[in-house]
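Quick notes on the structure that follows.
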Amino acid sequence: MKITIKGPKMDPIKMEFSHDMKAEEILNLVKDKMPYPIYGCKVDNSYRGLLHNVHRDCTVEFLDIRTSAIWYVYQNSLILLFIKAVHDVLDKSVLVSVNNSLSKGLFITLNRNINQKTIKLIEDKMLELVKKDIPIKKEHMTKEKAIELAKKHRQQETCRLLESIPSLNNVEIYSLEDEVEIFYNFLVPSTGYLQYFELKNYKNGLLLRFPHQSNPLIIPEFEEQNVLYKAFSEVNRWGQLTNTNYVVDLNEQILTMGLKELYLMQEALHEKKISDIADEILKSKKRVVLICGPSSSGKTSFANRLSIQLKVNGLSTLCLGTDDYFVNRDQTPLDENGQKDYESIKAVDIKLFTSDIQKLLNGQEVDLPYFDFTKGEKIFGDKITKIDKKHVLIIEGIHALNEKLTEGISENEKFKIYISPFSPISIDHHNRIPTTDCRMLRRMVRDYQFRNRSVKQTIAEWPKVRAGEEKNIFPYADQAEVFFNSNCIYEFAVLKKYAEPLLREVKPDEEEYAEAQRMLSFLRFFDVATDDDKIVNNSIIREFIGGSILVH
């Protein structure tokens, strides 16, 4: 059996074996060549756990948490370890709910009050389990037996979900001694892999914290994120108002009554929130509204809808996008790999941007540019503009909250908004849906429909986009005065219809195949919404699936 072995910053090695090998056994032969701990691998462009049995000629590429899919493997493995420790320290009746990503960790709540002393006991138990290096065992179980297991653990939403998916024949069950849980992705082989974590008492729950992708060996310093914490409270309220807290809730609405009422409820929630924000801006008397958010957050649609609400409040508006202030392509800065870095704030002509904003606020006439992406340069002469004191400038872009972009403009003039799609939907109590996956689905559908880009290109570029967000966007989120949740609760069911055929086009011999298959595996839990023609034409989701009167 001929195996080509790859790893981060490692020249490929060819080895021959006379018998089947676990991926973990192969890893042990080359572990000293890896810069960081390995938690998973790709076998011929398919993600696999380290207990995967390699039985034929292939390429095995070992991966650390700098690959997002493996970062989720580490997180899910930590969740199982945490649940085991909680049940050992307290008892099996304690229900663990993994809510969302927050402050470089996972925000978790228990159905029991806990204090710092209890949290320390749980953390100590986790460390003890890690030191013992206990195997994490995987078992394929029939759907019927998995449903029995979920009932035993009083996980009603898991039972309902498993019952609602006819195509699901068996389920992967993971056990850590007497702790048995359902996970929908592979985990690490044993507790000894889970060296890096900490628990922190936080608000009405706790934070399970672990290394970030940017540094796999270090737990990052804690950063308070009050804006996002408050946002998640609102997200949960939206889920309760629409009776859509889990995937199965959405699926049942599709099967029983269609999604028309949910479409209308979601738009009403968005419209009310946008109206409330417009009222705050009017009350503040601020003239520069800055809208920032990561890729595919729906910034453009939101900016236009906010503009309408401000006009309802008697204000005039002028919308500007920072994309029109890109430096000409021959001046674009380079990243550490010598490639053009379009995510950097240095890719924006800050001097011109600031000058134009100040002139507009002073009532002067300005020749506003628009960026011609075909020519790679700013074009002038078509947008000569002047505003009065009743005008509000609405500026949207990934750097909108970065102070460098608006230097010289008084803080008293700035109203800051952060936007991102936070879904209230989880698969079950401890299998959450990352916001990143929502945005990636949006982007691949939009890129294919409106930017002539294949799903392969979107997947290939996504890690670079994410790295740019971590550097240029997320650090500024807590500066916002207001958070707007651009998620449409039903959107996974809608996006599935558009994304699934595109993902199936990625071939097994293509590098993007593993990520395409991961997304397909995730989408299998959702029923398809076939009646998306009922979604109104100013909905944020229209920015991605088409039919919007606000963009394109």
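The values are calculated or read from the model by the stated rules, or taken from the named source; none is laboratory data. Please read these numbers as outputs of a predicted model, since none were measured by experiment. With ideal geometry, Cβ positions are generated from the backbone for all residues, glycine too; neighbour counts draw on all protein chains shown.
Here are a few things to note about the model shown:
- Entry remark, the stretch 225-238: residues being out of contact with any Leu (no Cβ under 7 Å at 6 or more places or on another chain), surrounded by fewer than 19 Cβ atoms within 10 Å (Cβ to Cβ) and touching a residue at least 24 places away in the same chain (Cβ under 8 Å) number 5 in total.
- Tally of residues being closer than 23 Å to Tyr513 by Cα and touching a residue at least 60 places away in the same chain (Cβ under 8 Å) across the stretch 1-47: 8
- Only residues that are over 12 Å from Phe353 (Cα atoms) and either over 25 Å from the mean Cα position of the chain (by Cα) or surrounded by fewer than 23 Cβ atoms within 10 Å (Cβ to Cβ) (or both) were counted in the stretch 381-414, giving 21.
- Residue within the stretch 7-29 that is part of a helix (DSSP H, G or I), modelled with pLDDT of 95 or more and small (Gly, Ala, Ser) present: yes
- Residue identified as in a strand (DSSP E or B) and closer than 22 Å to Phe186 by Cβ among Leu106, Leu81: Leu106
- When we screen Lys404, Lys375 for residues that are without any contact (Cβ under 8 Å) to a residue 24 or more places away in the chain and not polar (S, T, N, Q), the only hit is Lys375.
- Ala493 being within 20 Å of Pro421 (Cα to Cα) and either touching a residue at least 24 places away in the same chain (Cβ under 8 Å) or surrounded by 22 or more Cβ atoms within 10 Å (Cβ to Cβ) (or both): yes
- For the stretch 362-372, the set of residues classified as touching a residue at least 24 places away in the same chain (Cβ under 8 Å) and either in a strand (DSSP E or B) or of a type in the set (A, V, I, L, M, F, W, C) (or both) consists of Leu368, Pro369, Tyr370, Phe371, listed by residue number.
- None of Met440, Met444 is over 20 Å from Ser101 (Cα atoms), within 14 Å of the chain's Cα centre (by Cα), surrounded by 21 or more Cβ atoms within 10 Å (Cβ to Cβ) and not β-branched (Val, Ile, Thr) except Met444.
- Whichever residue in the stretch 448-503 is small (Gly, Ala, Ser) and under 22 Å from Arg518 (Cα atoms) and, among such residues, is modelled with the lowest pLDDT: Ala467
- Selection status of Ile419, surrounded by fewer than 23 Cβ atoms within 10 Å (Cβ to Cβ), among the hydrophobic types (A, V, I, L, M, F, W, C) and either touching a residue at least 40 places away in the same chain (Cβ under 8 Å) or in contact with a helix residue (DSSP H, G or I) (Cβ under 7 Å, 6 or more places away or on another chain) (or both): no
- Near pairs, Cβ below 6 angstrom, 6+ apart or cross-chain, from the stretch 274-298 (over 19 Å from His399 (Cα atoms)) to any residue that is polar (S, T, N, Q): Ile274/Gln309; Ser275/Gln309; Ala278/Gln309; Ala278/Asn313; Leu282/Asn313
- Residues that are surrounded by 20 or more Cβ atoms within 10 Å (Cβ to Cβ), hydrophobic (A, V, I, L, M, F, W, C) and more than 18 Å from Pro508 (Cα to Cα) within the stretch 40-60 comprise just one, Leu50.
- Against the test of being more than 22 Å from Gln309 (Cβ to Cβ) and touching a helix residue (DSSP H, G or I) at 6+ places or on another chain (Cβ under 6 Å), the options Phe492, Phe525, Phe544 yield a single qualifying residue, Phe525.
- Once the stretch 144-172 is narrowed to residues that are under 29 Å from the mean Cα position of the chain (by Cα) and of a type in the set (Lys, Arg), the residue that is modelled with the highest pLDDT is Arg160.
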